[in-house]
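*Asks:* Handing you this structure, nothing more for now.
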Amino acid sequence: MKVVTKNVGPCRKALQIEVPVDSATVKYNEAVDAFAKVAKVPGFRPGKAPRNLVERRYARQIVEEVKDRLIPESYHKALADEELVPVAVVDLQAPAYVHGQPFSFTATVDIRPKFKLPRYKGLSLKGTKVEVSDKDVDEAIEALRERAATFQDISDSPAQTGDFVQIDFAASLDGQPLAQRVPEQKGLCDGNDFWMVADERQFTMLPPAFVNGVVGLNPGEQKELDCTFPKDFHVKELAGLAARYSVRLKALRRKNLPPVDQDFFKHFEVQSLPELRDTLRQRLLEEAERTERRRLRNEVTNRLLTKTKMDLPESVVLRETHQTVQTIVRQSAAQGATKEQIEERKEDILNTARQSSVAKVRLDYILARIAEEENITVEENEIDQRVRGLAAAYRVPLDRLKSELAGGDGLDKIRHDLMSEKTLDFVVESAKISR
C-alpha cells in the first residue's frame, strides 16, 4: 500500500492512499463470495447461482461493498504506518472502485498537536495565607440569622433602613414623564405595588437618593424626591441626569432577626455558642482552602498557557466553540434575554466563545500531555464518587443520574474533568509556594 501524506493546514494532513491491485482484488473476491452465498437469482436456489451471474446482477452493490471493506482497513493501516493520531476526519474523497485497478482515495484528518511542554514541576507560586478571623465568624453568624429572619407587617412606624417597603411611584424629567426618555426602562419610570428594600447597599436598581428617601415615610404618606442618577448608573441614557420622583408608601415589613439562643443552636445541631463558632470556623476554613486551591489552579493554568506554543486542530476548536455558544445562549435566555437581543449580540457571543474555546482546547492538550508524562489516571471509584456528589447536589436519584450519564458522553466528561483537576493539583502540589 502506498501512502503520501501532505500538510494542508495547522494540525491537518491529507493522506493519499493507494491500495494495490492484488489487495483490492482480494477484497473484491471476498465481496463477491459474500453476495454469492445469499444471492437470489431467478432459476437458482438462494446461494446456488453461478458466480458470473452474481457479479453481473449485483455489480453496483458489490463495488460499494468493496469500498466499504477497503477504506476502513487501509485507512487505519495508513495511520499506523504514518504514526498519526487523528482527532477528526474532516473530509473523505473516494472515487468508485473499478475491478482490476488500484483503488485510491484521500482522507483529510485533524491530528493532535505536537508541542514542547513547558516546565511544570517546581513552579514558584505566591500563596495566600488561609485563616479565619473572629470577625469572619461573627459575619457568618449574622448571615445565618439573616437567613432565618421573619418579617412583620408594620403600620404605626415610619420606614427604617433595611425595611421591605411597598410603594407606588412615578418619575419625571424636566417636567415630562421619564418614560418618554427611556421607554424601554419602564421599571425605572413608574410602578404600582412595587416592593423593594429601603437600603441603597442592597437595592441598586433605582438611584440611591430614591431608595434612601423612602426612609422616614409612614404608611399612606407621599413625598416628592429629587434624585440625580450616578455617573456610572447602569442605564447609560440616565447617567448624571436629575429626575423627580413622586413616591407613596403603601405598606412596610420589618425584618426580625432570631436571637442567638438554644432554639437557634438546634437548627445547626450544636449545643452552645462556642460550639457553633467552632463549627462555622471549620466550614469557613475549608471554604477558604478551596478558594485558595482554585486560585492556585488558575495561576498554574495561566502560566502553562502563557509558556506553551502550539497549533490547534480547527475541527476541535469549532466543536468546542459551538458547544460554548449554545451554553452562552441558554444562560442568556435563562436570565431573560429575548431571541432578538441574543441575535443582536451574535457576533460578540461568537467571538467570546471562540476565545474561551481556544484557551480551553490548548489547556486540555497541555494537561493531557502532563498526565501522560506523570502516569496520572482516574479510577472508576473516583468517577462513582463524583456522580454521587452530583446526585446529592442536584437532588436527583442516583440510579437515574447514572443512567442519564451512561446514555450520552456524561461519564467521559466527568472522567475528563477529574483528569484535568488531578493534573492541575499535581502541578500545584509540586510547586514551591511562598507565603
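The values are calculated or read from the model by the stated rules, or taken from the named source; none is laboratory data. A quick note: this is a predicted structure, and the numbers were derived from the prediction, not measured. With ideal geometry, Cβ positions are generated from the backbone for all residues, glycine too; neighbour counts draw on all protein chains shown.
*Asks:* How many residues does region 88-108 hold that are part of a loop (DSSP other than H, G, I, E, B) and either among the aromatic types (Phe, Trp, Tyr) or not assigned by TED's automatic domain parsing to the domain that holds Ala14 (or both)?
*Replies:* In the first step, residues of region 88-108 are kept if they are part of a loop (DSSP other than H, G, I, E, B); the result is 94-102.
Right, trim to either among the aromatic types (Phe, Trp, Tyr) or not assigned by TED's automatic domain parsing to the domain that holds Ala14 (or both) and you get 97.
Adding up the residues that qualify gives 1.
*Asks:* Against the definition (under 30 Å from Lys186 (Cβ atoms), exposed (fewer than 11 other Cβ atoms within 10 Å of the Cβ) and touching a residue at least 12 places away in the same chain (Cβ under 8 Å)), how does Ser155 come out, yes or no?
*Replies:* Numbers: under 30 Å from Lys186 (Cβ atoms): yes; exposed (fewer than 11 other Cβ atoms within 10 Å of the Cβ): yes; touching a residue at least 12 places away in the same chain (Cβ under 8 Å): yes.
Considered against the rule, which asks whether it is under 30 Å from Lys186 (Cβ atoms), exposed (fewer than 11 other Cβ atoms within 10 Å of the Cβ) and touching a residue at least 12 places away in the same chain (Cβ under 8 Å), Ser155 comes out as yes.
*Asks:* Another question about this same structure. Quick check on Glu372: is it closer than 24 Å to Val300 by Cβ, part of a helix (DSSP H, G or I) and either of a type in the set (Asp, Glu) or not assigned by TED's automatic domain parsing to the domain that holds Leu304 (or both)?
*Replies:* It is true that Glu372 is closer than 24 Å to Val300 by Cβ, part of a helix (DSSP H, G or I) and either of a type in the set (Asp, Glu) or not assigned by TED's automatic domain parsing to the domain that holds Leu304 (or both).
*Asks:* Still on this structure, I have one more. Does Tyr365 meet the test of being within 30 Å of Leu117 (Cα to Cα) and of a type in the set (Ser, Thr, Tyr)?
*Replies:* Working: within 30 Å of Leu117 (Cα to Cα): yes; of a type in the set (Ser, Thr, Tyr): yes.
Yes; evaluated as a whole, the condition is true for this residue.
*Asks:* Still on this structure: Do you know which residues across region 109-132 are of a type in the set (Ser, Thr, Tyr), out of contact with any Asp or Glu (no Cβ under 7 Å at 6 or more places or on another chain) and either buried (at least 17 other Cβ atoms within 10 Å of the Cβ) or in a loop (DSSP other than H, G, I, E, B) (or both)?
*Replies:* The answer is Tyr120, and nothing else.
*Asks:* Inside region 165-192, can you point out the residues that are closer than 15 Å to Gly220 by Cα and surrounded by 15 or more Cβ atoms within 10 Å (Cβ to Cβ)?
*Replies:* From region 165-192, those closer than 15 Å to Gly220 by Cα are 165-169, 192; that's our starting set.
Matches in region 165-192: Val165, Gln166, Ile167, Asp168, Phe169.
*Asks:* When you check Ser315 against the structure, is it surrounded by 14 or more Cβ atoms within 10 Å (Cβ to Cβ), part of a helix (DSSP H, G or I) and free of Cβ contacts under 8 Å to residues at least 40 places away in the same chain, yes or no?
*Replies:* Working: surrounded by 14 or more Cβ atoms within 10 Å (Cβ to Cβ): yes; part of a helix (DSSP H, G or I): yes; free of Cβ contacts under 8 Å to residues at least 40 places away in the same chain: no.
So Ser315 fails the test.
*Asks:* Can you tell me how many residues within region 282-305 are touching a residue at least 60 places away in the same chain (Cβ under 8 Å) and either touching an Asp or Glu at 6+ places or on another chain (Cβ under 8 Å) or closer than 17 Å to Gly127 by Cα (or both)?
*Replies:* Within region 282-305, residues that are touching a residue at least 60 places away in the same chain (Cβ under 8 Å) and either touching an Asp or Glu at 6+ places or on another chain (Cβ under 8 Å) or closer than 17 Å to Gly127 by Cα (or both) number 13.
*Asks:* In region 293-311, what count of residues is obtained for those that are of a type in the set (D, E, K, R) and either farther than 28 Å from Val132 by Cα or surrounded by 16 or more Cβ atoms within 10 Å (Cβ to Cβ) (or both)?
*Replies:* First, pick out the residues of region 293-311 that are of a type in the set (D, E, K, R): 293-295, 297, 299, 303, 307, 309, 311.
Narrowing further to those that are either farther than 28 Å from Val132 by Cα or surrounded by 16 or more Cβ atoms within 10 Å (Cβ to Cβ) (or both): 297, 299, 303, 307, 309, 311.
Matching residues across region 293-311 total 6.
*Asks:* Something else about it: Could you identify the single residue in Val38, Val89, Val63, Val85 that is within 49 Å of the chain's Cα centre (by Cα) and more than 17 Å from Gln16 (Cα to Cα)? Let's see the steps before the verdict.
*Replies:* On the way: Val38 fails: within 49 Å of the chain's Cα centre (by Cα); Val89 fails: more than 17 Å from Gln16 (Cα to Cα); Val85 fails: more than 17 Å from Gln16 (Cα to Cα).
Only one candidate qualifies: Val63.
*Asks:* Return the residues of region 146-178 that are assigned to a helix (DSSP H, G or I) and within 38 Å of the chain's Cα centre (by Cα); say none if nothing qualifies. Steps first, please.
*Replies:* Looking only at region 146-178, we keep the residues that are assigned to a helix (DSSP H, G or I), and these are 146-147, 178.
Matches in region 146-178: Glu146, Arg147.
*Asks:* For region 196-207, indicate whether the set of residues that are outside any loop (DSSP other than H, G, I, E, B) and out of contact with any Phe, Trp or Tyr (no Cβ under 6 Å at 6 or more places or on another chain) is non-empty. Give the steps one after another, and end with the answer.
*Replies:* Looking only at region 196-207, we keep the residues that are outside any loop (DSSP other than H, G, I, E, B), and these are 196-197.
Then drop every residue that is not out of contact with any Phe, Trp or Tyr (no Cβ under 6 Å at 6 or more places or on another chain), which leaves none.
Among the residues of region 196-207, not one is outside any loop (DSSP other than H, G, I, E, B) and out of contact with any Phe, Trp or Tyr (no Cβ under 6 Å at 6 or more places or on another chain), which makes the answer no.
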